[in-house]
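Take a look at the structure set out below.
The values are calculated or read from the model by the stated rules, or taken from the named source; none is laboratory data. This structure is a prediction, so every number in the text was calculated from the model and none was measured. Here the Cβ positions follow ideal geometry from the backbone for every residue, glycine too, while neighbour counts run over all protein chains shown.
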Amino acid sequence: MTQTLTSQAILEVLQPVQDPELQKSLVDLNMIRNVKIDEGNVSFTLVLTTPACPLREFIVEDCQKAVRTLPGVEEVSIEVTAETPQQKSLPDRQGIAGVKNILAISSGKGGVGKSTIAVNVAVSLAQSGAKVGLLDADIYGPNDPTMLGLSDAKVMVRQGPQGDVLEPAFNYGVKLVSMAFLIDKDQPVVWRGPMLNGVIRQFLYQVDWGELDYLIVDMPPGTGDAQLTMAQSVPMAGVVIVTTPQTVALLDSRKGLKMFQQLNVPVLGIVENMSYFIPPDMPDKKYDIFGSGGGQKTADELGVPLLGCVPLEITLREGGDNGVPIAISAPDSPSAKALREIAQRIAGKVSVVALA
């Protein structure tokens, strides 16, 4: 038994086990570490590429099955941790110290629930154990503080070596910076493009983000200055396009998607929001208020994944208005489950991009 049951033998039987997203061997990816053998008891650490790994249980099960094929194995103990990979740097774009991956949530038109998706994805990733920041880049209509229960938050500005440094607000495990913290409640932002570009760059580089696995950028709708500033300033892990099944929303989402592709930003996929309405008094009913199947059809035509479909529920709207995202207030609701799965798929796609 001692001749067969060795660390090398365990690594050899684990060699064929792959990360489903990356489609590479766990051993080759250095995801199997600290192999220990105590007579017939085998233990090791499985280091995933994201704490939000959607296939965590399947990977653990595959590892256990593989190790148990060795003679003499009586028990297999696996400690699961995660190390989010760092997005590759680009020579013409400046990264943010401590921030591993920057990804945008964008839409072709307004009113499709982009901020709702961004906030709940950020919260869902934080719930999984990831370190998450949210940059509200919708300078003209900043709503993320309200949705995160931070509308009355006071942010501090301190003096740093390179000038003023903003301390982000924090709630539900998410660090947040927004224009709403810097202006009065009813004050409109009447700026031309250069001023908007300047404040977005300040939110990127003059904020004490600390160590983050993911910095999610909630973009304004459309294909304008904010999108160009983001794509040309920082190395982006990717962008998620939010749409509804409605034809006019899909037409605009295609334009937004094509713009990011032209700017060489990876498109991680499409999220279809408001896919159908679930009435609270008849939870088994579904009403296609905005049509159906548009997100899948667009994803198929453009060759990108459909990351998920989020139903429209009253509790989803209430969560945004009350400052308690549905991922927190009703985690077992259909909308929260869909958003959690979408967050996991996004995290998986980011890992693929980072390790490609």
Could you tell me whether any residue of segment 107-118 is part of a strand (DSSP E or B) and either assigned by TED's automatic domain parsing to the domain that holds Val177 or at pLDDT 95 or above (or both)? yes
For Ala126, which of the numbered conditions (1) in contact with a Lys or Arg (Cβ under 9 Å, 6 or more places away or on another chain); (2) modelled with pLDDT of 95 or more fails to hold? (1)
Testing Val123 on (1) farther than 19 Å from Ile342 by Cβ; (2) in contact with a helix residue (DSSP H, G or I) (Cβ under 7 Å, 6 or more places away or on another chain), one condition comes back false. Which one is that? (1)
When you scan segment 57-77, do you find a residue that is under 24 Å from the mean Cα position of the chain (by Cα), among the polar types (S, T, N, Q) and in a loop (DSSP other than H, G, I, E, B), even just one? no
Within segment 161-184, residues surrounded by fewer than 18 Cβ atoms within 10 Å (Cβ to Cβ) and within 16 Å of Gly98 (Cα to Cα) come out as Val165, Glu167
When you scan segment 154-175, do you find a residue that is under 29 Å from Gln344 (Cα atoms), in contact with a helix residue (DSSP H, G or I) (Cβ under 8 Å, 6 or more places away or on another chain), part of a strand (DSSP E or B) and at pLDDT 85 or above, even just one? yes
Within segment 287-305, is there a residue that is within 25 Å of Lys175 (Cβ to Cβ) and surrounded by 19 or more Cβ atoms within 10 Å (Cβ to Cβ)? no
Can you tell me which residues in segment 49-81 are of a type in the set (Ser, Thr, Tyr) and either free of Cβ contacts under 8 Å to residues at least 60 places away in the same chain or within 14 Å of Val13 (Cβ to Cβ) (or both)? Thr69, Ser77, Thr81
Residues of segment 205-236 that turn out to be at pLDDT below 95 and in contact with a helix residue (DSSP H, G or I) (Cβ under 9 Å, 6 or more places away or on another chain), as a count: 17
Conditions: (1) exposed (fewer than 15 other Cβ atoms within 10 Å of the Cβ); (2) under 20 Å from the mean Cα position of the chain (by Cα). Asn101 meets all but one. Number of the miss? (1)
Just the residues that are in contact (Cβ under 8 Å) with a residue 40 or more places away in the chain and hydrophobic (A, V, I, L, M, F, W, C), please, taken from segment 1-48. Met1, Leu5, Ala9, Ile10, Val13, Leu14, Val17, Leu22, Leu29
Verdict on Val123 being buried (at least 19 other Cβ atoms within 10 Å of the Cβ), outside any loop (DSSP other than H, G, I, E, B), among the β-branched types (Val, Ile, Thr) and more than 16 Å from the chain's Cα centre (by Cα): no
Of everything in segment 198-242, what is acidic (Asp, Glu) and crowded, with 19+ Cβ neighbours inside 10 Å? Give them in sequence order. Asp213, Asp218
I need the full set of residues from segment 137-152 which are within 15 Å of Ser106 (Cα to Cα) and either buried (at least 21 other Cβ atoms within 10 Å of the Cβ) or among the aliphatic types (A, V, I, L, M) (or both), in order please. Ala137, Asp138, Ile139, Pro142, Asp144
Would you confirm whether any residue within segment 271-290 is in contact with an Asp or Glu (Cβ under 7 Å, 6 or more places away or on another chain), in a loop (DSSP other than H, G, I, E, B) and touching a residue at least 24 places away in the same chain (Cβ under 8 Å)? yes
Evaluate segment 227-243: report whether one residue or more is in the same structural domain as Glu341 (by TED's automatic domain parsing), free of Cβ contacts under 8 Å to residues at least 60 places away in the same chain and in a loop (DSSP other than H, G, I, E, B). no
One residue is enough: does segment 305-319 have a residue meeting the conditions over 19 Å from the mean Cα position of the chain (by Cα), of a type in the set (Val, Ile, Thr) and at pLDDT 90 or above? yes
Looking at Ser106, is it surrounded by fewer than 24 Cβ atoms within 10 Å (Cβ to Cβ) and over 12 Å from the mean Cα position of the chain (by Cα)? no
